[in-house]
Amino acid sequence: MKKIKIADGIHMLSMNVEDMLFEGIWEIANGVTLNSYIVQGEKTAIIDGVIGWDGIPETLYKNLEEINVHPKDIDYLIVNHMEPDHSGWISNFEKIKDDFTIVCTEKAAKLVTSFYGKDKIQVVKEGDTLDLGNGKVLSFHPVPNVHWPDTMYSYEHSTKTLFSCDMYGAFGKMGDHHFDDEMTPEEEEFFEKEGIRYYSNVMTTFTPMLRKAIEKSKEFEINTIAPGHGPLYRGNPEKIMNDYTRFSNYAEGAGKNEITILWGSMYGMTGKAIAFAEEILKREGVKYNKLEMPLESESEMVATVFKSAGIIIAAPTYEYKLFPPVAAALDEIGRKKITGKAAFRFGSYGWSGGAEKELAEILERNRMKWDMVPSVEFEGSPKAGDFEKIEAGILELIGKMKDKIVE
Ligand code: FEO
(Lines give C-alpha, C1' and ligand atoms only; values in the text may rest on other atoms or scores of the structure.)
Protein backbone atom coordinates (compact mmCIF):
# COMPACT_ATOMS: atom_id res chain seq x y z
CA MET A 1 0.00 0.00 0.00
CA LYS A 2 1.27 3.44 -0.92
CA LYS A 3 0.79 6.69 0.98
CA ILE A 4 0.75 9.90 -1.04
CA LYS A 5 0.15 13.45 0.22
CA ILE A 6 -2.26 15.17 -2.15
CA ALA A 7 -2.89 18.42 -0.22
CA ASP A 8 -2.42 19.79 3.29
CA GLY A 9 -4.25 17.40 5.59
CA ILE A 10 -5.25 15.02 2.80
CA HIS A 11 -3.47 11.78 1.96
CA MET A 12 -4.19 8.97 -0.42
CA LEU A 13 -3.62 5.35 0.48
CA SER A 14 -3.48 3.32 -2.70
CA MET A 15 -3.15 -0.38 -3.31
CA ASN A 16 -2.45 -2.16 -6.60
CA VAL A 17 -4.59 -5.26 -7.08
CA GLU A 18 -4.19 -7.93 -9.74
CA ASP A 19 -5.04 -11.58 -10.25
CA MET A 20 -8.69 -10.91 -9.70
CA LEU A 21 -11.88 -10.75 -11.72
CA PHE A 22 -13.25 -7.24 -11.20
CA GLU A 23 -16.91 -7.53 -10.22
CA GLY A 24 -16.37 -11.28 -10.52
CA ILE A 25 -16.45 -10.94 -14.34
CA TRP A 26 -13.73 -8.78 -15.81
CA GLU A 27 -10.32 -10.25 -16.33
CA ILE A 28 -8.30 -7.05 -16.01
CA ALA A 29 -4.99 -7.71 -17.72
CA ASN A 30 -3.18 -4.77 -16.13
CA GLY A 31 -4.73 -4.82 -12.66
CA VAL A 32 -6.38 -1.92 -10.89
CA THR A 33 -5.67 0.45 -8.01
CA LEU A 34 -7.98 0.92 -5.08
CA ASN A 35 -7.61 4.46 -3.74
CA SER A 36 -8.64 5.60 -0.29
CA TYR A 37 -8.39 9.09 1.17
CA ILE A 38 -7.73 10.36 4.69
CA VAL A 39 -8.93 13.88 5.46
CA GLN A 40 -7.59 15.37 8.69
CA GLY A 41 -9.12 18.34 10.48
CA GLU A 42 -9.67 18.31 14.24
CA LYS A 43 -11.60 15.19 13.41
CA THR A 44 -10.52 12.62 10.83
CA ALA A 45 -12.49 11.05 8.02
CA ILE A 46 -11.55 8.22 5.70
CA ILE A 47 -13.20 8.22 2.27
CA ASP A 48 -13.74 4.89 0.50
CA GLY A 49 -11.42 2.79 2.59
CA VAL A 50 -9.00 0.27 1.18
CA ILE A 51 -7.96 -2.50 3.44
CA GLY A 52 -7.50 -5.39 1.10
CA TRP A 53 -9.94 -8.16 0.46
CA ASP A 54 -9.36 -10.44 3.41
CA GLY A 55 -8.32 -8.55 6.51
CA ILE A 56 -6.49 -5.53 7.79
CA PRO A 57 -2.86 -5.55 6.66
CA GLU A 58 -0.33 -4.22 9.10
CA THR A 59 0.88 -1.88 6.40
CA LEU A 60 -2.33 0.09 6.83
CA TYR A 61 -1.47 0.86 10.46
CA LYS A 62 2.05 1.76 9.48
CA ASN A 63 0.85 4.11 6.76
CA LEU A 64 -1.69 5.73 9.04
CA GLU A 65 0.92 6.15 11.77
CA GLU A 66 3.23 7.91 9.35
CA ILE A 67 0.59 10.56 8.76
CA ASN A 68 -0.14 10.75 12.50
CA VAL A 69 -3.47 8.96 12.36
CA HIS A 70 -4.33 6.16 14.70
CA PRO A 71 -7.23 4.04 13.45
CA LYS A 72 -9.03 4.81 16.69
CA ASP A 73 -8.90 8.52 15.79
CA ILE A 74 -10.96 8.02 12.66
CA ASP A 75 -14.37 9.49 13.40
CA TYR A 76 -16.13 9.24 10.07
CA LEU A 77 -16.19 6.68 7.31
CA ILE A 78 -17.41 8.41 4.17
CA VAL A 79 -18.95 5.80 1.88
CA ASN A 80 -19.25 7.44 -1.53
CA HIS A 81 -20.48 4.15 -2.98
CA MET A 82 -21.40 0.85 -1.43
CA GLU A 83 -19.85 -1.56 -3.94
CA PRO A 84 -17.53 -3.68 -1.80
CA ASP A 85 -14.33 -2.60 -3.58
CA HIS A 86 -14.96 0.65 -1.67
CA SER A 87 -16.92 -0.52 1.38
CA GLY A 88 -15.75 -4.09 1.98
CA TRP A 89 -13.33 -2.91 4.63
CA ILE A 90 -16.05 -1.75 7.05
CA SER A 91 -16.44 -5.13 8.71
CA ASN A 92 -12.67 -5.32 9.25
CA PHE A 93 -12.39 -1.77 10.48
CA GLU A 94 -14.99 -2.32 13.16
CA LYS A 95 -12.74 -4.93 14.74
CA ILE A 96 -10.46 -2.12 15.91
CA LYS A 97 -13.01 0.64 16.39
CA ASP A 98 -16.77 0.34 16.51
CA ASP A 99 -17.91 3.85 17.44
CA PHE A 100 -17.51 5.50 14.09
CA THR A 101 -20.17 7.24 12.04
CA ILE A 102 -20.81 6.21 8.46
CA VAL A 103 -21.69 9.09 6.16
CA CYS A 104 -23.56 8.12 2.98
CA THR A 105 -26.67 8.71 0.87
CA GLU A 106 -30.06 7.39 1.88
CA LYS A 107 -29.86 4.67 -0.76
CA ALA A 108 -26.44 3.56 0.49
CA ALA A 109 -27.68 3.52 4.10
CA LYS A 110 -30.06 0.66 3.34
CA LEU A 111 -27.21 -1.45 2.00
CA VAL A 112 -24.81 -0.43 4.79
CA THR A 113 -27.24 -2.02 7.20
CA SER A 114 -27.96 -5.10 5.10
CA PHE A 115 -24.34 -5.73 4.08
CA TYR A 116 -22.58 -4.86 7.33
CA GLY A 117 -25.26 -4.58 10.04
CA LYS A 118 -24.23 -1.01 10.86
CA ASP A 119 -26.79 1.55 11.92
CA LYS A 120 -24.76 4.53 13.16
CA ILE A 121 -25.29 6.33 9.89
CA GLN A 122 -25.44 9.99 8.97
CA VAL A 123 -27.53 10.20 5.82
CA VAL A 124 -26.60 13.15 3.62
CA LYS A 125 -28.38 14.91 0.79
CA GLU A 126 -27.24 17.26 -1.94
CA GLY A 127 -25.09 20.04 -0.47
CA ASP A 128 -24.98 18.77 3.13
CA THR A 129 -21.67 19.52 4.83
CA LEU A 130 -19.47 17.98 7.48
CA ASP A 131 -17.08 20.34 9.28
CA LEU A 132 -14.04 18.38 10.46
CA GLY A 133 -12.41 21.45 12.06
CA ASN A 134 -9.12 23.16 11.19
CA GLY A 135 -10.71 24.48 8.01
CA LYS A 136 -11.55 21.11 6.53
CA VAL A 137 -15.17 21.04 5.34
CA LEU A 138 -16.61 18.24 3.24
CA SER A 139 -19.80 18.55 1.24
CA PHE A 140 -21.74 15.73 -0.39
CA HIS A 141 -23.34 15.51 -3.81
CA PRO A 142 -25.29 12.45 -5.00
CA VAL A 143 -24.51 11.23 -8.52
CA PRO A 144 -26.92 8.31 -8.83
CA ASN A 145 -26.03 5.36 -11.06
CA VAL A 146 -22.33 6.10 -11.19
CA HIS A 147 -22.58 3.30 -11.26
CA TRP A 148 -24.85 2.12 -8.46
CA PRO A 149 -27.88 4.20 -7.40
CA ASP A 150 -26.25 5.13 -4.09
CA THR A 151 -23.17 6.98 -5.34
CA MET A 152 -22.13 10.50 -4.33
CA TYR A 153 -19.22 12.86 -4.77
CA SER A 154 -17.48 14.28 -1.71
CA TYR A 155 -15.82 17.68 -2.03
CA GLU A 156 -13.33 19.26 0.34
CA HIS A 157 -13.69 23.01 0.17
CA SER A 158 -10.38 24.40 1.49
CA THR A 159 -8.26 22.30 -0.89
CA LYS A 160 -10.85 22.15 -3.72
CA THR A 161 -10.52 18.38 -3.91
CA LEU A 162 -13.28 16.36 -5.59
CA PHE A 163 -13.42 12.76 -4.37
CA SER A 164 -15.19 11.27 -7.35
CA CYS A 165 -15.25 7.57 -6.41
CA ASP A 166 -15.83 5.43 -9.56
CA MET A 167 -16.32 8.53 -11.72
CA TYR A 168 -13.16 9.44 -13.64
CA GLY A 169 -11.60 6.11 -12.67
CA ALA A 170 -9.36 3.87 -14.74
CA PHE A 171 -8.10 0.32 -14.55
CA GLY A 172 -4.34 -0.25 -14.53
CA LYS A 173 -1.85 -0.43 -11.70
CA MET A 174 0.00 2.75 -10.79
CA GLY A 175 3.77 2.82 -10.51
CA ASP A 176 5.69 5.74 -9.02
CA HIS A 177 3.57 8.37 -10.74
CA HIS A 178 0.10 9.07 -9.35
CA PHE A 179 -0.85 12.49 -10.74
CA ASP A 180 -1.64 13.45 -14.33
CA ASP A 181 1.14 16.04 -14.32
CA GLU A 182 3.74 13.40 -13.46
CA MET A 183 2.82 10.95 -16.21
CA THR A 184 5.16 10.15 -19.08
CA PRO A 185 3.58 10.04 -22.57
CA GLU A 186 3.66 6.22 -22.32
CA GLU A 187 1.84 6.33 -18.98
CA GLU A 188 -0.72 8.76 -20.39
CA GLU A 189 -1.35 6.35 -23.25
CA PHE A 190 -1.58 3.42 -20.82
CA PHE A 191 -4.19 5.13 -18.65
CA GLU A 192 -6.17 6.35 -21.66
CA LYS A 193 -6.44 2.69 -22.74
CA GLU A 194 -7.20 1.49 -19.21
CA GLY A 195 -9.72 4.30 -18.78
CA ILE A 196 -11.54 3.07 -21.87
CA ARG A 197 -11.41 -0.49 -20.55
CA TYR A 198 -12.82 0.66 -17.21
CA TYR A 199 -15.56 2.84 -18.71
CA SER A 200 -16.61 0.18 -21.21
CA ASN A 201 -16.50 -2.76 -18.80
CA VAL A 202 -18.08 -1.16 -15.75
CA MET A 203 -19.74 2.16 -16.52
CA THR A 204 -21.04 2.32 -20.06
CA THR A 205 -24.50 0.91 -19.34
CA PHE A 206 -25.16 4.05 -17.28
CA THR A 207 -23.93 6.58 -19.83
CA PRO A 208 -26.94 8.98 -19.52
CA MET A 209 -26.34 9.23 -15.76
CA LEU A 210 -22.61 9.58 -16.25
CA ARG A 211 -23.22 12.57 -18.48
CA LYS A 212 -25.20 14.20 -15.67
CA ALA A 213 -22.32 13.44 -13.30
CA ILE A 214 -19.84 15.06 -15.72
CA GLU A 215 -22.00 18.19 -15.76
CA LYS A 216 -22.25 18.17 -11.97
CA SER A 217 -18.48 17.96 -11.59
CA LYS A 218 -18.14 21.08 -13.75
CA GLU A 219 -20.01 23.05 -11.07
CA PHE A 220 -17.07 22.76 -8.66
CA GLU A 221 -13.91 24.78 -8.55
CA ILE A 222 -11.41 21.94 -8.69
CA ASN A 223 -7.74 21.74 -7.85
CA THR A 224 -7.63 17.95 -7.79
CA ILE A 225 -9.92 15.14 -8.89
CA ALA A 226 -9.27 12.14 -6.65
CA PRO A 227 -10.98 9.01 -8.00
CA GLY A 228 -11.37 5.62 -6.36
CA HIS A 229 -9.36 3.90 -9.11
CA GLY A 230 -6.39 5.10 -11.13
CA PRO A 231 -4.51 8.40 -11.37
CA LEU A 232 -5.38 11.76 -9.77
CA TYR A 233 -5.90 14.83 -11.90
CA ARG A 234 -4.46 18.17 -10.75
CA GLY A 235 -2.47 19.43 -13.75
CA ASN A 236 -5.51 19.51 -16.02
CA PRO A 237 -8.67 18.16 -14.36
CA GLU A 238 -10.69 19.24 -17.38
CA LYS A 239 -8.91 16.67 -19.54
CA ILE A 240 -10.40 13.68 -17.75
CA MET A 241 -13.84 15.35 -17.90
CA ASN A 242 -13.38 15.73 -21.66
CA ASP A 243 -12.10 12.16 -21.95
CA TYR A 244 -15.15 10.84 -20.13
CA THR A 245 -17.39 12.91 -22.42
CA ARG A 246 -15.62 11.30 -25.39
CA PHE A 247 -16.08 7.83 -23.86
CA SER A 248 -19.79 8.56 -23.39
CA ASN A 249 -19.92 9.25 -27.13
CA TYR A 250 -18.17 5.95 -27.87
CA ALA A 251 -21.08 4.28 -26.07
CA GLU A 252 -23.44 5.72 -28.67
CA GLY A 253 -21.62 4.89 -31.89
CA ALA A 254 -18.64 7.25 -32.08
CA GLY A 255 -15.16 5.77 -31.97
CA LYS A 256 -11.54 6.02 -32.87
CA ASN A 257 -10.55 5.81 -36.51
CA GLU A 258 -10.22 2.04 -36.41
CA ILE A 259 -12.15 -1.08 -37.25
CA THR A 260 -12.49 -4.09 -35.02
CA ILE A 261 -12.89 -7.48 -36.65
CA LEU A 262 -14.94 -9.58 -34.25
CA TRP A 263 -14.53 -13.03 -35.64
CA GLY A 264 -14.78 -16.78 -35.31
CA SER A 265 -14.27 -19.50 -37.89
CA MET A 266 -14.83 -23.24 -37.55
CA TYR A 267 -12.77 -24.64 -40.42
CA GLY A 268 -11.21 -21.58 -42.00
CA MET A 269 -13.81 -20.76 -44.70
CA THR A 270 -14.81 -17.47 -43.06
CA GLY A 271 -11.11 -17.19 -42.16
CA LYS A 272 -10.21 -16.91 -45.87
CA ALA A 273 -12.51 -13.92 -46.20
CA ILE A 274 -10.96 -12.35 -43.09
CA ALA A 275 -7.48 -12.58 -44.63
CA PHE A 276 -8.89 -10.86 -47.72
CA ALA A 277 -10.57 -8.17 -45.58
CA GLU A 278 -7.27 -7.45 -43.86
CA GLU A 279 -5.63 -6.85 -47.21
CA ILE A 280 -8.36 -4.36 -48.11
CA LEU A 281 -8.02 -2.54 -44.78
CA LYS A 282 -4.24 -2.34 -45.21
CA ARG A 283 -4.67 -1.03 -48.74
CA GLU A 284 -7.10 1.62 -47.50
CA GLY A 285 -4.79 2.58 -44.63
CA VAL A 286 -7.37 1.79 -41.93
CA LYS A 287 -6.08 0.67 -38.56
CA TYR A 288 -7.77 -2.53 -37.42
CA ASN A 289 -7.94 -4.87 -34.43
CA LYS A 290 -8.74 -8.59 -34.56
CA LEU A 291 -10.64 -10.30 -31.79
CA GLU A 292 -10.97 -14.05 -32.18
CA MET A 293 -13.84 -15.39 -30.16
CA PRO A 294 -13.93 -17.26 -27.84
CA LEU A 295 -10.19 -16.85 -27.27
CA GLU A 296 -10.30 -13.14 -26.41
CA SER A 297 -11.08 -12.02 -22.86
CA GLU A 298 -14.49 -10.48 -22.29
CA SER A 299 -12.86 -7.33 -20.93
CA GLU A 300 -10.67 -6.80 -23.99
CA MET A 301 -13.51 -7.63 -26.37
CA VAL A 302 -15.92 -5.09 -24.85
CA ALA A 303 -13.25 -2.37 -24.62
CA THR A 304 -12.03 -2.84 -28.20
CA VAL A 305 -15.48 -2.88 -29.82
CA PHE A 306 -16.51 0.09 -27.64
CA LYS A 307 -13.65 2.34 -28.82
CA SER A 308 -13.91 1.48 -32.55
CA ALA A 309 -15.90 3.53 -35.03
CA GLY A 310 -16.38 0.50 -37.30
CA ILE A 311 -17.03 -3.18 -36.64
CA ILE A 312 -16.63 -6.15 -38.96
CA ILE A 313 -18.51 -9.19 -37.74
CA ALA A 314 -16.96 -12.21 -39.43
CA ALA A 315 -18.65 -15.41 -38.39
CA PRO A 316 -20.36 -18.39 -40.02
CA THR A 317 -23.66 -20.09 -39.44
CA TYR A 318 -23.50 -22.77 -36.77
CA GLU A 319 -26.48 -25.01 -36.03
CA TYR A 320 -28.81 -22.65 -37.96
CA LYS A 321 -27.63 -19.64 -35.94
CA LEU A 322 -24.71 -17.24 -35.63
CA PHE A 323 -21.42 -18.83 -34.53
CA PRO A 324 -22.08 -18.97 -30.76
CA PRO A 325 -18.96 -17.23 -29.36
CA VAL A 326 -19.52 -14.27 -31.66
CA ALA A 327 -23.25 -14.25 -30.86
CA ALA A 328 -22.44 -14.23 -27.13
CA ALA A 329 -19.96 -11.38 -27.60
CA LEU A 330 -22.53 -9.29 -29.48
CA ASP A 331 -25.14 -10.02 -26.85
CA GLU A 332 -22.72 -8.76 -24.17
CA ILE A 333 -22.09 -5.61 -26.21
CA GLY A 334 -25.86 -5.17 -26.45
CA ARG A 335 -26.34 -5.65 -22.70
CA LYS A 336 -23.77 -2.91 -22.21
CA LYS A 337 -25.97 -0.65 -24.38
CA ILE A 338 -23.17 0.07 -26.85
CA THR A 339 -25.32 1.45 -29.63
CA GLY A 340 -25.03 3.08 -33.03
CA LYS A 341 -21.86 1.45 -34.35
CA ALA A 342 -21.29 1.19 -38.09
CA ALA A 343 -20.92 -2.52 -38.88
CA PHE A 344 -20.67 -5.10 -41.65
CA ARG A 345 -20.98 -8.86 -41.44
CA PHE A 346 -19.77 -11.64 -43.69
CA GLY A 347 -19.57 -15.36 -43.11
CA SER A 348 -19.92 -18.81 -44.61
CA TYR A 349 -22.66 -21.42 -44.33
CA GLY A 350 -22.85 -25.09 -45.20
CA TRP A 351 -26.19 -26.91 -45.17
CA SER A 352 -28.23 -23.83 -44.50
CA GLY A 353 -28.00 -20.24 -43.36
CA GLY A 354 -29.40 -18.83 -40.13
CA ALA A 355 -26.60 -16.61 -38.78
CA GLU A 356 -28.15 -13.51 -40.30
CA LYS A 357 -31.50 -14.11 -38.62
CA GLU A 358 -29.91 -14.43 -35.22
CA LEU A 359 -27.74 -11.36 -35.74
CA ALA A 360 -30.90 -9.35 -36.50
CA GLU A 361 -32.53 -10.76 -33.35
CA ILE A 362 -29.56 -9.77 -31.17
CA LEU A 363 -29.49 -6.23 -32.57
CA GLU A 364 -33.25 -5.88 -32.13
CA ARG A 365 -33.46 -7.48 -28.67
CA ASN A 366 -30.78 -5.15 -27.31
CA ARG A 367 -32.03 -2.09 -29.24
CA MET A 368 -28.53 -1.56 -30.55
CA LYS A 369 -29.46 0.59 -33.56
CA TRP A 370 -26.26 -0.40 -35.36
CA ASP A 371 -25.86 1.08 -38.83
CA MET A 372 -25.43 -2.14 -40.83
CA VAL A 373 -23.92 -2.52 -44.27
CA PRO A 374 -25.83 -5.38 -46.02
CA SER A 375 -24.20 -8.68 -45.11
CA VAL A 376 -22.38 -11.04 -47.46
CA GLU A 377 -22.96 -14.76 -46.98
CA PHE A 378 -21.28 -17.46 -49.04
CA GLU A 379 -21.64 -21.22 -49.31
CA GLY A 380 -18.47 -22.93 -48.15
CA SER A 381 -15.32 -21.22 -49.30
CA PRO A 382 -15.61 -17.63 -50.60
CA LYS A 383 -15.40 -17.30 -54.41
CA ALA A 384 -14.26 -14.40 -56.60
CA GLY A 385 -17.75 -12.87 -56.62
CA ASP A 386 -17.93 -13.08 -52.84
CA PHE A 387 -14.60 -11.31 -52.47
CA GLU A 388 -15.89 -8.51 -54.70
CA LYS A 389 -18.98 -8.10 -52.50
CA ILE A 390 -16.85 -8.18 -49.34
CA GLU A 391 -14.57 -5.48 -50.71
CA ALA A 392 -17.58 -3.33 -51.58
CA GLY A 393 -19.02 -3.90 -48.09
CA ILE A 394 -15.79 -2.86 -46.42
CA LEU A 395 -15.56 0.29 -48.51
CA GLU A 396 -19.14 1.16 -47.60
CA LEU A 397 -18.33 0.55 -43.92
CA ILE A 398 -15.32 2.88 -44.14
CA GLY A 399 -17.63 5.49 -45.65
CA LYS A 400 -20.21 5.09 -42.88
CA MET A 401 -17.51 5.42 -40.21
CA LYS A 402 -16.27 8.78 -41.36
CA ASP A 403 -18.74 10.92 -39.44
CA LYS A 404 -18.42 8.76 -36.30
CA ILE A 405 -14.70 9.27 -35.71
CA VAL A 406 -13.75 11.02 -32.46
CA GLU A 407 -10.15 10.60 -31.33
FE1 FEO B 1 -15.18 0.90 -7.75
FE2 FEO B 1 -18.54 0.58 -8.44
O3 FEO B 1 -16.91 0.17 -7.64
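The values are calculated or read from the model by the stated rules, or taken from the named source; none is laboratory data. Everything numeric in this text was worked out from a predicted model, so none of it was measured. A quick note on method: Cβ atoms are made from the backbone with ideal geometry, for glycine too, and the neighbour counts reach across all protein chains shown. For the accessible areas, the whole protein counts, side chains as well, though only heavy atoms, and no ligand, DNA or RNA atoms are used. Shrake-Rupley method; radii C 1.70, N 1.55, O 1.52, S 1.80 Å.
Miscellaneous remarks
- Taking 0.36 nm per residue of separation and subtracting the Cα-Cα distance, full extension of the segment from K2 to T205 would add 69.9 nm.
- Working from label points 7 Å from Cα in the Cα-to-Cβ sense, the E319 to E379 distance is 2.5 nm.
- Solvent-accessible heavy-atom area per residue, rounded to whole Å², over the chain at 1.4 Å: 42
- With distances taken between every two different alpha-carbon atoms, the chain has a Kirkwood hydrodynamic radius of 22.7 Å.
- Taking θ as phi - 60° and the Karplus parameters 6.51, -1.76 and 1.60, the scalar couplings of the stretch 266-280 work out to 6, 10, x, 6, 4, x, 4, 5, 5, 4, 5, 4, 4, 4, 5 Hz in sequence order, x denoting glycine and proline.
- Part-to-part distance (alpha-carbon centres) for the stretch 249-310 and the stretch 76-113, which is given in Å: 43
- With both labels modelled 7 Å from their Cα along Cα-to-Cβ, the T245 to K282 distance reads 3.9 nm.
- Between the C-alpha center of the stretch 312-341 and that of the stretch 219-235 there is a gap of 37 Å.
- Remark: the stretch 259-401 projects, on average over all directions, an area of 7.3 nm² (convex hull of Cα atoms).
- One decimal place: the segment D19-M266 gains 85.8 nm when fully extended, by the rule 0.36 nm per residue minus the C-alpha distance.
- A straight chain from K218 to K110 at 0.36 nm per residue would run longer than the Cα-Cα distance by 36.0 nm.
- Considering only M293, F163, F206, and ranking their Cα positions along the charge dipole of the chain that arises from unit charges at the beta-carbon of Lys, Arg, Asp and Glu, the one farthest toward the positive end is F206.
- Rounded to 10°, Cα long-axis angle of helix 298-307 versus longest principal axis of the chain: 80
- A simple count of charges around I67, restricted to other residues whose Cβ falls under 9 Å of its Cβ and scoring Lys, Arg +1 and Asp, Glu -1, yields 0.
- Its Cα gyration tensor gives the stretch 121-201 an equivalent ellipsoid, and the semi-axes of that ellipsoid, as √(5λ) in whole Å with the largest first, are 29, 18, 8.
- Separation in nanometres of the label points that stand 7 Å from Cα toward Cβ, at A275 and K72: 7.3
- Relative contact order %, the chain, counting alpha carbon pairs below 8 Å whose residues are six or more apart: 12
- Taken one residue at a time, the phi angles of the stretch 232-243 give Karplus couplings (6.51, -1.76, 1.60, θ = phi - 60°) of 9, 10, 10, x, 8, x, 5, 5, 5, 5, 5, 4 Hz. Gly and Pro are set to x.
- Using the Cβ-Cβ distance between S352 and K193 with R0 set to 45 Å, the FRET efficiency from 1/(1 + (r/R0)^6) comes to roughly 0.65.
- The chain, helix-only ellipticity at 222 nm - DSSP H runs n ≥ 4, -39,500 (n - 2.57), divided by all residues, nearest 500: -10000 deg cm²/dmol
- Under Karplus coefficients 6.51, -1.76 and 1.60, residue-wise ³J(HN,Hα) of the stretch 61-67 in Hz, glycine/proline x: 4, 4, 5, 5, 4, 5, 10
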